[in-house]
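Heads up, the thing below is written out as structure tokens.
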Number of protein chains: 2
Amino acid sequence: MPKEGNCVVAQSGGPTAVINASLLGVIEEAMKQHPIRAIYGAKNGIIGLIDEELYDLRMEDPEELKLLKTTPSSALGSCRYQLKPFEHDEKDYIKIFNVFEAHNIRYFFYIGGNDSMDTADKLTRYAQKIGYDICIIGIPKTIDNDLVMTDHCPGFGSAAKYIATSVMEIARDAVVYPTNIVTIIEVMGRNAGWLAAASALASKDIGAPDLIYLPEVPFSIEKFLDDVRNIHKKTGKITIVVSEGIKDREGKYIADMSHKFGIDAFGHVQLGGAAFVLENIIREEVEKRVKSIQFNVLQRSAAHIMSKTDVEEAYMVGRMAVRYAVEGACGYMVAIKRDSDNPYSSSTELVELNKVANAEKLVPLAWISHDGNYVKEDALNYIQPLIEGEVEVKYEKGLPRYAKLRKIMVPKKVV
Amino acid sequence: MPKEGNCVVAQSGGPTAVINASLLGVIEEAMKQHPIRAIYGAKNGIIGLIDEELYDLRMEDPEELKLLKTTPSSALGSCRYQLKPFEHDEKDYIKIFNVFEAHNIRYFFYIGGNDSMDTADKLTRYAQKIGYDICIIGIPKTIDNDLVMTDHCPGFGSAAKYIATSVMEIARDAVVYPTNIVTIIEVMGRNAGWLAAASALASKDIGAPDLIYLPEVPFSIEKFLDDVRNIHKKTGKITIVVSEGIKDREGKYIADMSHKFGIDAFGHVQLGGAAFVLENIIREEVEKRVKSIQFNVLQRSAAHIMSKTDVEEAYMVGRMAVRYAVEGACGYMVAIKRDSDNPYSSSTELVELNKVANAEKLVPLAWISHDGNYVKEDALNYIQPLIEGEVEVKYEKGLPRYAKLRKIMVPKKVV
């Protein structure tokens, strides 16, 4: 017998272009599942549960909700709040379960990365401990693509598409003058270089990028200079992509060397990341005309150029989370299984939350070139289908029309 | 009687998303006009004429040429080369007219900004002086929208659309956490604030940006801090757009104050622009969580989100340049005339090159808010139609398919 009661959905961690597609999947499927009554959204992830700040999502205009499928960023708000182990500190857990009980919450869907899966796992175990009947399901989300136990993560494909497209456009811009130029593009990824790897897809356009550096391979400035000098001899126009997280053999982030290049007048100026450091090294050692570009938050929020595969999969994991839950699954994350490469097809499966929490999937070293400055065909074959398909974004007066929710608060009963 | 002979088209100055749409307009119209025989493209603008580096554009695959309409950056290459007045130095002119004569060039179309119109004007006057029969027409191009005598410039609408869309996406990303955050976005524009003004179109989404600063109004750091503090009191999340060219009452660029915030270890590190300087001031004075974002070359080359109005007008000015030339007009720039606002429609007219060269159209002060920190409805009404319409970009395997020209060189006869 499926549990009867209300559900809450929440979003956590850094936004992506498709995290709201997963949210829509949860809402639309929850509306179809009769055991589920009220559908609440927690404001700012787990913090909304602690503070009993819940939106009544059934009060939203269904047409506006549909726009969530192509709306970037976390519509419900997000957080980076980590629950302490309940064995040490039960305070937050007591608050959350008081809210669960007061609102008869029997389903909780948490869209997030590995920290969020850890949170979902802790709440599942705490519910078992106190004997509260609730079904908690994790829904994967991250542009970094670093969750284990899933072929890939919703959010990655769209970020990869944005990065490859933008690298194409920047490289075409860089070559127009007769002068030499080195362009260094920094993409996100502290430990996993998936996004940097995705930039290699751009190379089918006009051959850029020339060099790609991932955090998986220790970064040597000497080797980097050799790589750049070698290409500089042949062509004066070089495009380089680096992960923000590249570090040297001792594990020291290259980005942290920025103090060498700009001394902060106040004591805590952030001068920029890895690309900024490398820009200054190149300017000194190889080529005066050099610039660095950071894609910043655009790579995770540029919904105007999403991957259709990514949007549909994000929507699918949201819907499937609800179905699995109603069928009685509890304490799992909905993972994506790649069923076929050509034509590409995927489905979902359940993996245990605690196997995902706190683990990290890196780019296999076998997929990185021997020289450590590019990725191999295997990496491209893996990423290629994830960026495919274009999404029809709704435009109004020349600009994307993104969802505007009413966000009607549920009256508080506890806090 | 129309002149019979060959034509050359060239591109100059910074790229735009639609400069190749103008190039396509020239090529396609030249193919239809019987007096025009060979159609050459000069490599890297006027430099290609000096060095006699010409591509034979009739050798290109017509299907590939069609892709130019949605291909960013200058397909023929560009330059920032300025001709000296021929009264002082005839060297370059002699080379160029030798090339013109050797290849029987009777039409020259120059796509560029005000420097390029100056070049076209000088060549026109030199042709008259030496009695060489050639028709030279300027085709406007600039994302800065700062050419006079034309309602607006091809390139601006697409850059404006990119900026407004990206500001929407960044602002949505910035508000997801419960914490305060100030985001400062720097857009291009050394003297004219049109691109910064365009960001106000984003405000219809979720109210961002909160503040906009243009180079037209002297920038006061004290006033800026007051503006930010006022909003910070009400809401902790602030989005600010600044032109790269904002300067103080003495005309000193705010960007040039960056040395105050980072001392260069080598002597010539460029620490970033105006947004970087303001980021550090805000961090000290108002809010620790602050970041700056530069759109860099993406704002001029993101063809994946072009304005259809802009593309069609860029194509139109290219075609009309050829028609006007064959009809005998010479020494003019093809300007855009706004015929109607609602529904928007435009046509072309001819303006004298020397009236455009070396002049600059700024945002009227009457269109900037009294406080100097936003733009008024008049500015939005002017910009709105220019970003409208979406272009169907061709995608292949998930990425835009941009034109790849064969670039067959014409055998040299002179150099």
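Among all residues of segment A:153-171, there is none that is in contact (Cβ under 8 Å) with a residue 40 or more places away in the chain, over 24 Å from A:GLN299 (Cα atoms), touching a strand residue (DSSP E or B) at 6+ places or on another chain (Cβ under 9 Å) and not aromatic (Phe, Trp, Tyr). All of (1) in contact with a strand residue (DSSP E or B) (Cβ under 6 Å, 6 or more places away or on another chain); (2) within 30 Å of A:ALA38 (Cβ to Cβ); (3) not in a loop (DSSP other than H, G, I, E, B) hold for A:PRO385 with one exception: (2). Quick check: anything in segment B:238-252 among the β-branched types (Val, Ile, Thr), at pLDDT below 95 and not in a loop (DSSP other than H, G, I, E, B)? Among the residues of segment B:238-252, not one is among the β-branched types (Val, Ile, Thr), at pLDDT below 95 and not in a loop (DSSP other than H, G, I, E, B), which makes the answer no. The residue that is farthest from the other protein chains (Cβ to nearest Cβ), among those in segment B:302-318 that are crowded, with 24+ Cβ neighbours inside 10 Å and of a type in the set (D, E, K, R), is B:GLU313. Output the residues belonging to segment A:129-139 that are closer than 14 Å to A:GLU101 by Cα and loosely packed, with under 14 Cβ neighbours inside 10 Å. Across segment A:129-139, the qualifying residues are A:ILE130, A:GLY131, A:ASP133. Could you list, in sequence order, the residues of segment A:1-59 that are of a type in the set (Lys, Arg) and within 17 Å of A:ILE136 (Cα to Cα)? Of everything in segment A:1-59, those that are of a type in the set (Lys, Arg) and within 17 Å of A:ILE136 (Cα to Cα) turn out to be A:LYS3, A:ARG37.
Matching residues to (1) touching a helix residue (DSSP H, G or I) at 6+ places or on another chain (Cβ under 8 Å); (2) in contact (Cβ under 8 Å) with a residue 40 or more places away in the chain:
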| residue | (1), (2) |
| --- | --- |
| B:ALA30 | yes, yes |
| B:ASN44 | no, no |
| B:ILE50 | yes, yes |
| B:ASP56 | no, yes |
| B:GLU64 | no, yes |
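Among the conditions (1) assigned to a loop (DSSP other than H, G, I, E, B); (2) among the small types (Gly, Ala, Ser); (3) more than 14 Å from chain A (Cβ to nearest Cβ), the only one that B:ALA120 does not satisfy is (1). Could you identify the single residue in B:GLU327, B:GLU392, B:GLU352, B:GLU377 that is out of contact with any Pro (no Cβ under 7 Å at 6 or more places or on another chain) and within 29 Å of A:ASP173 (Cα to Cα)? From the options B:GLU327, B:GLU392, B:GLU352, B:GLU377, the qualifying one is B:GLU392.
In segment A:214-238, the residues that are on the phi > 0 side of the Ramachandran plot never reach a residue that is surrounded by fewer than 22 Cβ atoms within 10 Å (Cβ to Cβ) with C-beta atoms less than 7 angstrom apart, at least six apart or across chains.
Pairs only if they're at least six apart or on different chains, beta carbon under 7 angstrom, first in segment A:379-406 and facing chain B (nearest Cβ under 9 Å), second in a helix (DSSP H, G or I) and aromatic (Phe, Trp, Tyr); list them, first residue then second. Going by the 7 Å Cβ cut-off, the qualifying pairs are A:LEU386/A:PHE156. You will find that of A:ILE212, A:ILE185, A:ILE143, the residue that is crowded, with 21+ Cβ neighbours inside 10 Å, within 27 Å of B:SER158 (Cβ to Cβ) and not assigned by TED's automatic domain parsing to the domain that holds A:ASN104 is A:ILE185 and no other. The strands (runs of 3 or more DSSP E) found entirely in segment A:280-362 include none that carry 3 or more residues being without any contact (Cβ under 8 Å) to a residue 60 or more places away in the chain, of a type in the set (Val, Ile, Thr) and in the same structural domain as A:LYS122 (by TED's automatic domain parsing). Collect the residues in segment A:271-301 that are of a type in the set (A, V, I, L, M, F, W, C), more than 7 Å from chain B (Cβ to nearest Cβ) and closer than 30 Å to B:VAL176 by Cα, keeping them in residue-number order. Hits for segment A:271-301 are A:ALA274, A:ALA275, A:PHE276, A:VAL277, A:PHE295. Every condition in (1) of a type in the set (Asp, Glu); (2) touching a helix residue (DSSP H, G or I) at 6+ places or on another chain (Cβ under 7 Å); (3) loosely packed, with under 13 Cβ neighbours inside 10 Å is met by A:GLU244 except one, and the failing one is (3). Among the residues of segment A:384-399, is there at least one that is buried (at least 20 other Cβ atoms within 10 Å of the Cβ), hydroxyl-bearing (Ser, Thr, Tyr) and either assigned by TED's automatic domain parsing to the domain that holds A:LYS66 or under 22 Å from the mean Cα position of the chain (by Cα) (or both)? Within segment A:384-399 (the criterion being buried (at least 20 other Cβ atoms within 10 Å of the Cβ), hydroxyl-bearing (Ser, Thr, Tyr) and either assigned by TED's automatic domain parsing to the domain that holds A:LYS66 or under 22 Å from the mean Cα position of the chain (by Cα) (or both)), the answer is no, since none of the residues qualifies. The set of residues in segment A:327-354 being closer than 15 Å to A:ILE136 by Cα and of a type in the set (S, T, N, Q) consists of A:ASN354 alone.
Selection of segment A:209-234 for residues being β-branched (Val, Ile, Thr) and in contact with a Gly (Cβ under 9 Å, 6 or more places away or on another chain) yields A:ILE212, A:VAL217.
The values are calculated or read from the model by the stated rules, or taken from the named source; none is laboratory data. What you are looking at is a predicted structure, and each value in this text was computed from that prediction instead of being measured. Backbone-built Cβ (ideal geometry, glycine too); neighbour counts: all protein chains shown.
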